[in-house]
Every structure is written in C-alpha cells, then in structure tokens.
Amino acid sequence: MALYDTIFDYFATQGIHPSDLLPVGGAAILATLVYRAISRLYFHPLAHFPGPKLAALTGFYQTYYDLVKDGETVNQLEILHKRYGPVVRIGPNNLHFSDKRAFDAIYRDLRFPKHAWFYNAFSIPESSFGSSDISAAKHNAALVRPFFSRKSVLALESVIQDVVDRFLTVLTPSKTNSKTNASQTQIPFDLHRAYSSITMEVITTYCFAQRFDTVEYPNFAYPALVGFHEGLSTVTLMRHFPFIQPILFNLPSWFTKRVAPGPYGRVVFIKALDDQIKQVLKDPTSLDGAEHEIVYHHLLNPKAGPKLTPVALRHHAMSLVVGGTETVANTCVVATYNILANPNIRDRLRRELAEAWPEVDSSMPLERLEKLPYLTAVIKEALRLSHGVIYPAPRIATEATEIGGVIVPKDTVISMGHTFVHLNEESFPDPTNFDPERWFGENTKELENDLVPFSKGPRACLGINLAWAELYLILGNVFRKVELELVDTTEKDMEYRAFFTPRFCGTPQARALSVQGTR
Ligand code: HEM
C-alpha cells in the first residue's frame with residue numbers, strides 16, 4: 001500500500017493522473033506480445049519445425065481443441081501430420097511425432113520425466129502416476145509394483161472372479177432382487193457403466209479389501225463412478241486453467257451435493273478411502289485382520305522408507321482407482337461391441353470357450369483362459385482399438401536428443417499418441433477394422449511391439465498384470481455364460497474423444513438374453 005501511495009503521490013506532484021498511463025501500459029503489453037510472437041515464430045529453438053503458426057504462437061491452440069472442440073485434439077493431430085509430416089510443432093514449446101519409431105525413443109528413455117503441467121491437473125502428485133520427478137516416481141512405483149506382480153495377481157485371482165460372478169448374478173433375472181435391476185425385464189444396459197462398475201469394484205476389493213457394491217447399484221450408476229467419468233473433462237479444464245483447481249476442491253460439500261451429484265459421489269467415495277487410511281495409520285495392526293493382502297501392507301511397510309503421509313496414501317489410492325477403472329472398462333466395451341457386431345467373431349469365440357470349458361457351471365482358472373488363442377487375439381485387438389490412454393502423454397526432453405530422425409532441443413515437450421502406433425497402416429492393414437486374425441500371422445512378434453496400450457519404458461502401466469487378468473476373466477466369463485445382443489448401438493456411438501482416456505461419443509448398450517452357470 002505504502003509503495004502504491006508513494007507512486008501515486010509522485011504522479012500527482014507531476015500533474016499526471018493514473019488514467020493517463022493506460023495508453024502507455026497498453027502499448028507496453030502490446031509490445032511484449034509482439035516481441036513474444038516474433039521470438040516464438042522466428043527465433044525459438046523450435047522455429048524451424050513445421051506446424052500451424054497459431055500453435056507456435058500460443059498454447060491456447062491446444063486449449064481450443066481440448067475444451068472448445070470437446071476433446072478433438074487427437075483428430076486434429078491426425079490432420080496436422082497429414083499436412084506437415086511426421087514431426088509437428090503443436091505448441092510454442094511442444095513437438096508431436098507420428099512415426100512409430102519415435103514412440104520408443106520418447107517413452108523408453110529413462111532421462112525424460114513426465115511434464116508436470118499436464119499431470120498436476122490430476123491432483124495426485126504424490127502417487128507413482130502423478131510424480132514428475134524421476135527419482136520420486138521410481139520410489140513410488142517400487143512401493144506398489146510387487147502388489148501388482150503376476151504372482152500377486154494369481155494369488156488374488158478369486159477377488160476378481162468374485163466380482164465377475166456378482167455381475168453375472170445381477171444379469172440373471174431369477175437371481176436378482178433389486179427393484180431397479182436392469183436385467184429383470186431384460187431392458188438394455190449401458191455397457192460402459194456396467195463394465196466400469198466391475199473394474200472399479202475389482203480395484204477397490206483388490207487394493208483395499210473394500211466393497212462398494214458398484215455392480216449391484218441400480219443401472220450400474222454408482223455415483224462415484226459417474227463422478228469419475230464426468231471428472232475426465234474437469235481434469236482437462238483444470239489443466240488449462242489451474243487456478244480453478246483450489247476453487248473446485250474447496251467448495252462446501254452441501255453445495256456440491258446440491259448442484260453436482262457426480263462430483264459429490266466422488267467426494268463421498270474419497271472420504272471412505274480416507275477413513276480407511278486414518279484407521280490403518282492409527283492402528284497399523286488392523287492390517288493383520290484384512291481379508292487378504294492389500295496395498296497398504298506395501299505402502300506402510302517399514303522397510304519401504306519414511307512413513308507416508310495421509311495425503312500421499314490418498315494420492316496412491318486414487319491413482320489406482322483412476323488408473324484401473326476406465327482403461328479396463330473401455331477395452332471391454334470395444335471388445336463387446338466388435339464381437340457382437342461381427343457374428344463370425346462372436347461364434348468363433350463362443351466355440352473356443354465352449355470347447356475349452358464344456359461344464360459351464362465349473363470354474364475356469366485364469367491360467368487356462370490365457371491359453372485360448374482366439375480369446376487372446378480378441379483381447380489384443382480390443383486393446384489396440386481402445387488405445388489405453390489416448391491423449392499424447394507429454395515428456396520433457398531434458399537433453400538435446402535425436403527422435404524420429406530430428407534433433408530435438410533441450411527442454412522441449414515431446415509426445416506421441418497411441419493412435420499413431422495402433423492405426424499405422426504398415427503394421428495393421430485396414431487399421432480401424434477389428435480383426436483378431438491379424439494376431440495369427442507370421443509377424444506376430446513385430447505386431448506385439450506395436451501394441452502399446454500400456455505405454456512403454458519406465459512410466460509404463462504398473463497394473464498391466466491385473467489388467468490382463470481382468471480382461472481374460474471378464475470377457476471369458478461374459479462370452480461363455482451370457483447371450484448378449486447390442487441395442488441401438490452403431491459405429492457412430494463407438495467414436496470417441498480424447499480426454500486422457502477415450503470417451504465414447506454415444507452410449508453403447510446391450511441386453512442379456514440369457515445367462516447360465518452363475519453361482
Ligand atoms: C487395459 C487396462 C489398462 C491400460 C490400457 C493402462 C494404460 C496405462 C498407460 C498408458 C499408462 C501410462 C500413462 C502415462 O504415461 O501417463 C498407465 C500408467 C499407470 N497405470 Fe495403467 N492401464 C490399465 C490398467 C491399469 C490398472 C488395472 C491399474 C491398477 C493397478 C493401473 C495402474 C496404473 C498406474 C499406477 C500407472 C502409473 C505408472 C507410473 O507412472 O508409475 N493401470 N496405464
């Protein structure tokens with residue numbers, strides 16, 4: 001205040017009113033903008049890279065496609081690569097690549113951290129997913145990795161199978177008692193919601209031994225699930241306008257409850273996770289009574305290093321729920337749509353399952369499902385066409401380096417979306433066609449190298465073993481035991497927008513005509 005008064009007094013003694021300074025201020029701002037524009041266009045280390053001038057001038061180019069065009073970014077990137085070639089400047093300091101060889105160079109390199117600006121919007125910086133700092137990320141990942149090893153997943157296979165069984169029971173008319181259950185009258189249900197209710201319940205029972213009864217929730221619309229799904233676009237908004245983050249997180253819960261039931265459901269869900277965290281911190285021996293090993297056995301293991309704070313534990317918990325729900329569910333939706341839309345694929349899959357699993361009432365272990373070649377090919381194809389994470393995940397080139405045949409200057413933000421690998425015509429002819437046969441050719445090993453839904457390198461998916469197990473158990477059980485048909489669903493509904501994970505443009509729906517072999 002004192003400084004302001006002094007300046008104000010000085011101008012007053014000179015006979016200058018503050019409003020007289022407005023043109024000068026305006027001119028200074030304009031000059032700065034012009035200077036910045038010229039330097040970005042002509043003198044920036046990326047000035048010689050091709051791309052739209054507007055993208056070179058301002059990050060709002062991406063904001064426009066993310067927000068105003070509602071997740072059209074990846075489609076726009078395709079257009080840009082067709083126009084400008086395999087390396088495009090998509091922001092003042094950002095390069096995007098489309099040559100599949102660039103993917104390994106970007107994501108396998110141990111030197112390149114995640115871009116904090118992008119990942120901070122998820123508000124879980126103390127988890128392995130959210131950490132940008134390389135050594136923090138390494139430490140955080142090491143804490144949870146053993147819990148998602150193949151051995152751990154096999155040890156907890158029954159946890160996944162149990163959720164799948166509960167889902168099948170819900171689809172079985174005679175076995176349900178919920179008033180609003182979709183299957184009682186065989187009315188159509190939302191495939192994405194149904195599958196995400198399974199995948200969320202798998203994560204919460206596997207990681208925390210906590211049941212939220214998402215699969216039993218009417219119409220599979222468990223509020224937190226809806227909240228997380230709606231939250232995908234909020235994350236994008238918070239990324240471009242980070243000042244919104246503290247405002248949204250500090251809204252009183254009565255207000256959220258009233259105006260936004262989805263986000264409120266999320267708040268209630270997080271509170272349940274927090275309560276468990278409080279409990280295990282207050283009394284670590286309570287872990288001894290857990291139904292099975294849970295993630296806090298690993299996170300609170302005294303040998304793992306300094307004790308984690310409640311906030312860090314919450315970030316870990318959230319990252320697992322967020323990382324493991326949409327991704328597996330989307331893959332199941334893509335698989336289900338394409339299997340049902342192609343009777344040849346559906347019949348061949350059902351034949352393979354029936355031959356390997358003649359007694360439908362008996363259980364089928366994961367390790368036997370994994371040996372079924374056609375089911376495996378169907379899952380690979382579904383992973384390829386659901387992409388995992390669809391938004392190009394940005395990394396920072398901390399040193400000048402060669403990528404895709406060009407030298408990328410130090411500190412450039414580099415990325416390459418999975419669609420550019422998965423829809424590459426050289427690897428996958430007729431790339432948008434769902435064709436499990438392509439996984440039986442002689443070049444399968446090469447093709448597997450081009451299947452990158454889990455990304456690659458040091459920041460690749462930590463939940464890959466759990467994800468594969470879920471996909472085998474969910475799709476194996478559903479297509480052995482349930483006769484499904486699509487309802488009012490076309491390819492148009494399966495188009496998607498890029499909100500980190502893909503978000504379908506329509507609402508793919510199905511109806512269960514019959515269910516057998518439920519317990
Ligand atoms: C089909 C299923 C899945 C797909 C396609 C998938 C894909 C991915 C991808 C692409 C990344 C890297 C993201 C980035 O670079 O920003 C990732 C990271 C991660 N995923 Fe998954 N995911 C799947 C399932 C799961 C499951 C079930 C879990 C639960 C444990 C999980 C937990 C994580 C975690 C914790 C990370 C962060 C790894 C790190 O940076 O340290 N994911 N996932």
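Annotations
- Expected 222 nm ellipticity per residue - DSSP helices of 4 or more, -39500 (n - 2.57), all of the chain, to 500: -15500 deg cm²/dmol
- Across segment 125-133, rounded Karplus estimates of 3J(HN,Hα) from the backbone phi angles (6.51 cos²θ - 1.76 cosθ + 1.60, θ = phi - 60°) give x, 8, 8, 5, 4, x, 6, 8, 5 Hz, Gly and Pro being marked x.
- Solvent-accessible area, 1.4 Å probe, carbon plus sulfur percent, for the chain: 58 percent
- For Lys114, the lysines whose Cα falls under 17 Å of its own Cα, not counting residues fewer than eight places away in the same chain, are Lys138, Lys410, Lys456.
- Proximal aspartates and glutamates to Lys271, defined as alpha-carbon separation beneath 20 angstrom and excluding residues fewer than eight positions away on the same chain: Glu126, Glu201, Asp213, Glu230, Asp283
- Cleavage-rule hits, GluC sites (Glu not before Pro), segment 275-360, DSSP coil, Cβ neighbours within 10 Å at most 14: Glu291, Glu359
- DSSP-defined beta bridges in the chain - what % are antiparallel, rounded to 5: 90 percent
- In the full protein context, the chain carries 47 Å² of accessible surface per residue, based on a 1.4 Å probe and ignoring ligands, DNA and RNA.
- Look at the Cα gyration tensor of segment 302-418: its axes a ≥ b ≥ c give a/c of at least 1.5 with a/b at or below b/c, and that counts as oblate.
- Spatial separation of Cα centroids for segment 373-435 and segment 240-317, in angstrom: 32 Å
- Per DSSP, loop GluC sites (Glu not before Pro) in segment 420-496 with at most 11 further Cβ within 10 Å: Glu425, Glu426, Glu442
- If you take all other residues with their beta carbon under 12 Å from the beta carbon of Ala56, and give Lys and Arg +1 and Asp and Glu -1, the sum is +4.
- Helices meeting the span-like rule in the chain (full DSSP H runs, Cα extent of at least 30 Å along the helix axis, mean Kyte-Doolittle score of 0.0 or higher): 310-341.
- Amide H within-cut-off set for Tyr496, under 5 Å, with H built and near neighbours excluded: Cys505
- Restriction of the trypsin sites (Lys or Arg not before Pro) in segment 403-458 to DSSP coil positions whose beta-carbon has at most 16 other beta-carbons within 10 angstrom yields Lys410, Lys456.
- Amide H contacts of Leu484: Leu513, each under 5 Å away and 5 or more positions distant or on a separate chain (H built 1.01 Å from N in the peptide plane; Pro and chain starts excluded).
The values are calculated or read from the model by the stated rules, or taken from the named source; none is laboratory data. The structure presented is a predicted model; accordingly, all values stated were derived computationally and were not measured. Reconstructed Cβ throughout: ideal geometry from the backbone, glycine too, with neighbour counts over all protein chains shown. Note: areas computed on protein heavy atoms with side chains; ligands, DNA, RNA excluded. Shrake-Rupley method; radii C 1.70, N 1.55, O 1.52, S 1.80 Å.
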